[in-house]
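The structure appears below as structure tokens.
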Amino acid sequence: MQEIIIDEEFKSLLPALDPRTYLALEENLLQNGCRDAIVLWNGILIDGHNRYTICLEHEIPFTTVDKEFGSREEALIWIISNQVSRRNLSQIQLSHYRGLHYKADKKIQGTNNQYSQESEKLQNATFHSGSTASHLAKEYKVSRDTIIRDAKLAEAIDLIGENSPEAKRKILSGETSINKKDLETLTGRSNEEISELAAKIEDGTYKKIKQETQAGAKTVDTEIMKIAESFYSGLRKLTKNSDNTEIKTVLRAHIDKLEELYSQM
């Protein structure tokens with residue numbers, strides 16, 4: 001049997017199953033066997049971690065299929081795209097995935113720029129036009145600024161994870177509610193501050209700060225009015241021939257702004 005390697009970074013990309021869902025999967029595999037192949041890249045498991053664990057525990061036969069990628073970053077992007085397409089993810093999980101996708105794309109792009117012109121012809125089609133952030137904004141149907149913020153958020157969550165994998169799990173699972181804006185600014189803080197925050201999240205003593213004062217409420221009202229004015233301004237710029245895609249782009253950009261405001265409350 002081919003040796004299967006568990007890569008901790010790749011494994012950490014997969015949302016942990018709650019006990020009930022895990023038991024349901026286990027029961028299904030015991031009754032019906034493992035019908036879906038375990039996906040590998042260079043012997044590294046990239047899809048099917050829970051199925052693989054259960055199959056080993058109960059000696060259930062399984063098959064494998066190999067994927068080919070030009071780099072670790074391409075494999076990581078495949079895992080992210082696979083998770084986004086098949087799961088009902090929370091907003092913070094989506095933001096984390098989009099940020100990781102952005103960082104991986106930028107790394108691939110930077111590596112390709114080191115090659116000769118002949119080699120560059122083989123580079124990923126992701127970079128055929130426009131910036132990385134703009135391309136991913138179209139792919140995920142969000143604004144370019146959202147992708148940039150997601151990259152900061154993903155970096156912050158991973159910094160917390162370096163100090164406490166449990167704290168990272170709590171954030172991504174929604175067990176701990178934390179302002180996305182606070183996460184986005186975390187990368188500029190000291191290691192001590194990050195470690196202290198991770199410890200509070202892990203032991204359950206972290207409390208999300210809420211703006212409950214009258215002044216805070218007025219600030220929220222002002223921001224909502226600004227978003228509404230910007231939204232109507234964007235709609236007025238559309239022509240009669242504008243299709244649904246253009247309208248959705250304007251709508252999506254302002255939904256992102258409202259979600260950001262919501263996360264800060």
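Taken together, the residues in region 162-212 that are open to solvent by 70 Å² or more (accessible area, probe 1.4 Å), assigned to a loop (DSSP other than H, G, I, E, B) and closer than 16 Å to SER90 by Cα amount to 1.
Restricted to region 27-54, and to residues there that are touching a strand residue (DSSP E or B) at 6+ places or on another chain (Cβ under 8 Å) and hydrophobic (A, V, I, L, M, F, W, C), the residue that is nearest to PHE10 (Cα to Cα) is ILE46. Of the numbered criteria (1) among the polar types (S, T, N, Q); (2) surrounded by 11 or more Cβ atoms within 10 Å (Cβ to Cβ); (3) closer than 29 Å to LEU136 by Cα, the one THR21 fails is (3). Counting only residues that are part of a strand (DSSP E or B) and of a type in the set (Asp, Glu), which one in region 47-75 is least open to solvent (accessible area, probe 1.4 Å)? Among residues in region 47-75 that are part of a strand (DSSP E or B) and of a type in the set (Asp, Glu), the one least open to solvent (accessible area, probe 1.4 Å) is ASP47. Cβ-Cβ distances below 6 Å connect the following pairs, each with a first residue in region 135-156 that is free of Cβ contacts under 8 Å to residues at least 12 places away in the same chain, a second residue that is surrounded by fewer than 21 Cβ atoms within 10 Å (Cβ to Cβ), and a separation of six or more residues or different chains: ALA137/SER143; ALA137/ARG144.
Could you tell me whether any residue of region 83-92 is outside any strand (DSSP E or B), open to solvent by less than 30 Å² (accessible area, probe 1.4 Å) and farther than 30 Å from LYS141 by Cβ? So far as region 83-92 goes, no, none of its residues is outside any strand (DSSP E or B), open to solvent by less than 30 Å² (accessible area, probe 1.4 Å) and farther than 30 Å from LYS141 by Cβ.
The values are calculated or read from the model by the stated rules, or taken from the named source; none is laboratory data. Computed from a predicted model, the values in this text were never measured in an experiment. Cβ: placed from backbone, ideal geometry, glycine included. Neighbour counts: every protein chain shown. What goes into the accessible areas is simple: the full protein's heavy atoms, side chains included, and nothing from ligands, DNA or RNA. Shrake-Rupley method; radii C 1.70, N 1.55, O 1.52, S 1.80 Å.
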